[in-house]
Each structure stands twice: as structure tokens, then as C-alpha cells.
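Worksheet for the structure shown next.
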Amino acid sequence: MAGRAISWPNPLSPGSRDRMRVLWLFFLAMVLTSEMVLAESGLSVSNAQLRLPLPGQTTAVVYLQLTNESVRERRLVGVSVAGAKAAELHQHVHADGMMRMRRLQQLNVSAGKQVDFQPGGYHIMAFRMTQPPTAGSQVPVKLIFADGQVLQTLATAKRM
Ligand SMILES: [Cu+2]
């Protein structure tokens, strides 16, 4: 039988469509904001120390703990140490019964993981510190990540 027009109430009347849009924008803003907060606050450094160059030398080493409490992997791609002309990420490796170190171009830190920079493992080499800081002073160290974030910390200078 034709002719029986059934009319449904339109859930998307102009008024409610606007309300929906506002709700969506609000929801989106919430999600984006919380993502940025995580990205900002998810990385931290602790226990940074700088082992001073030996007498007559200009190379120092930095050890620290780097923690990634964000929900995604972060990539450390650069380091700098105040007072050093250059700084590099290094790793100690055992090869043919010998301990050597090699430069790393980057270091991935998985979500929820901590990486220890310590003797015999990862470390930061600071080169050409021609005027080494005194023992006990605080030396600014920067960690630079692939996403552009720069994490700054203070390393306590200690003798080797
Ligand atoms: Cu090294």
C-alpha cells in the first residue's frame, strides 16, 4: 500500500546538530590537550653527574638516568654539555674480548622504560672542556629528542 508516509522525528534538527558539533570540538580539544601534556611531562632525567677530565686532559663523561613515562617511544638524537665544544652519545661494547666505545647517532627509549647512562654502558662524552668546572658545581646538560623536545638537567661535577 502506498501513501503511508511515516515521519520519524529528526534527531539531527539544526539545533541539536550544532550542539553535537560543539560537543565534538570540546571532546577533541580535551584529547589534544591531554596528549600534549603527556608529551611534555613524560620524560625526566635524574642523578646526572659529570666526571671531570683527568689532569691535563679535556674530555669529561656524563652519566644519568633517563625515564620515559609517556605512552610512546622517544628518540634521543643529540646532547650538549655546557663548557664542552662537542658532546656525543656513546655506548660501550664488548668485541673480541675488548671493551670499546662507539658513537650512537640516536637512542630509542621505549614507552615506560628507564635507560641508565653508567660506567660500562651508555654515556655522554664531552669533548674539549678547556676550562673544566670545579668539583661540586652544577653543569647544564641538554638532551635533544627527535620530536624537537629539549630536556635540560644539571649534572654535578665530580672527579673521575
Ligand atoms: Cu665514550
If you take the charge dipole of region 43-160 about its Cα centre, with +1 on Lys and Arg Cβ and -1 on Asp and Glu Cβ, which of 71, 49, 107 is farthest toward its positive end?
-> 49
Cα-based shape type of region 43-158, given that a ≥ b ≥ c are square roots of the gyration tensor eigenvalues and the cut on a/c is 1.5 | oblate
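Rank the residues 101, 129 as a footprinting-exposure proxy: fewest other Cβ atoms within 10 Å of their Cβ go first. Can you show the working numbers first?
Values: 101 16, 129 23.
Arranged by neighbour count, lowest to highest, 101, 129 become 101, 129.
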Treating cross-link reach as a plain straight distance, find the lysines whose alpha-carbon is under 28 Å from the alpha-carbon of residue 85, omitting any fewer than eight places away in the same chain.
-> 142, 158
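Read the figures in this text as sums done on the coordinates, not as results from a lab. Note that this is a predicted model, so its numbers are computed, not measured. Note that each Cβ is placed from the backbone with ideal geometry, even for glycine, and that neighbours are counted across all protein chains shown.
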